[in-house]
Amino acid sequence: MVVYADILFCINLIVNYFLMLATARLCKREQHRWRALFSAAAGAVYAMILFVRGIPPWILLLSKLLMSAGMLLIAFPYRTLRLFVREYLVFFTVNFLFSGLMLALWLFFAPKGMVFYNGIVYFDISALALVGYTMAAYLLTELFSRIYQKRSVGETMYYVTIELGQKQTMLTGFLDTGNTLTDAYTGYPVAICDFEAIRGILPVGMLDLFSQPVDLERLENLVTARTANHFKLIPYHTVGFSGILPAFRPDKMVLQGGSLLYPVENVYIAVSQQRLCKGDYDILLSPDMLPLDYAPQSRGQKAKVG
């Protein structure tokens, strides 16, 4: 069978694009369409190379591992090694499932005009059919993207951008509808964050305020006129336990769910010395930080102001 390079490229461009969208959805990553398209195009060019006969197996395996990493770095901005490894494993799983499906289709049904070689799929179709399938794929992408945007606000995991002074950091946040912690004087909602996750943006004058458990006598000596405007003590209690957490008011805070952004005003961030959830997230959010229409229905441990 004659394999046409343009059809091979277009088919794998569409396939790779949808695999990237699936990876973004499973990893709860924002979808940059142009980046995903460039990543898919790189994968499509690589697919054309794989159709060359006689590539040694070890080169084939190594090239697939490196190309997968390259495609992910094109599609998604690099943040942390842990997040990248997670995306890498998810992308490989999605590709494995798709390749398994195509292999089963090829072995058991042997569709006319289908070729499956080195994990790459090819269908011998006309140019008109290719245009039609491409348009259908685009419309499906638009449909699923709109559905995802509407539903993403109901998810419990968000990317959280926090600014203080001239510094900025991005954390992974968990939205817990049971977190009703607020500042007793202003009524502002309070997020709870790991000290290690937030220390990078804290000014030198504030590091000592958050680096150790609350000691009122020590804090009285550390708090200065410069830090007082940002600093708060937040009483809290849970079942059988109560205490005080030091907190600060950020200059800017933005939540990101999918491709939607939610600027948060009038909020405090309490700093905890203990890890929140074995590193799965860095900051515990409150439903009061989102518009009422978008609050999810999940439940969590309640925390109330003492």
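What follows draws every value from the coordinates through simple rules; no lab data is involved. Values in this document were obtained by computation on a predicted structure and should not be read as measured data. Positions of Cβ are generated from backbone atoms using ideal geometry, with glycine treated the same way; all protein chains shown enter the neighbour counts.
Amide H contacts under 5 Å for Asp194: Ser272, restricted to partners 5 or more places along the chain or on a different chain, H placed in the peptide plane at 1.01 Å from N. Per-residue Karplus couplings for the stretch 37-48, computed as 6.51 cos²θ - 1.76 cosθ + 1.60 with θ equal to phi - 60°, are listed in order as 5, 5, 5, 5, 5, 4, x, 5, 5, 4, 4, 5 Hz, Gly and Pro entered as x.
Look at Phe38, Phe96, Phe18 and count the other Cβ atoms within 10 Å of each Cβ; fewest to most, that gives Phe96, Phe38, Phe18.
Loop-located trypsin sites (Lys or Arg not before Pro) across the stretch 1-95 with a Cβ neighbour count of 10 or fewer within 10 Å are Arg53, with loop assigned by DSSP. In this calculation the C-beta distance from Lys64 to Val204 is compared with R0 = 30 Å, giving a FRET efficiency of 0.05.
Sorting Asp288, Asp280 from the fewest to the most surrounding beta carbons within 10 angstrom yields Asp280, Asp288. With neighbour counts taken as other beta-carbon atoms within 10 Å, the residues Ile49, Ile11 rank, fewest first, as Ile49, Ile11.
Once the Cβ-Cβ distance of Tyr185 and Met157 is raised to the sixth power relative to R0 = 22 Å, the FRET efficiency obtained is 0.15.
Taking amide hydrogens as placed 1.01 Å from N in the peptide plane, the amide H of Leu175 sits under 5 Å from those of Met157, Tyr158, Leu285, each at least 5 positions away in sequence or on another chain.
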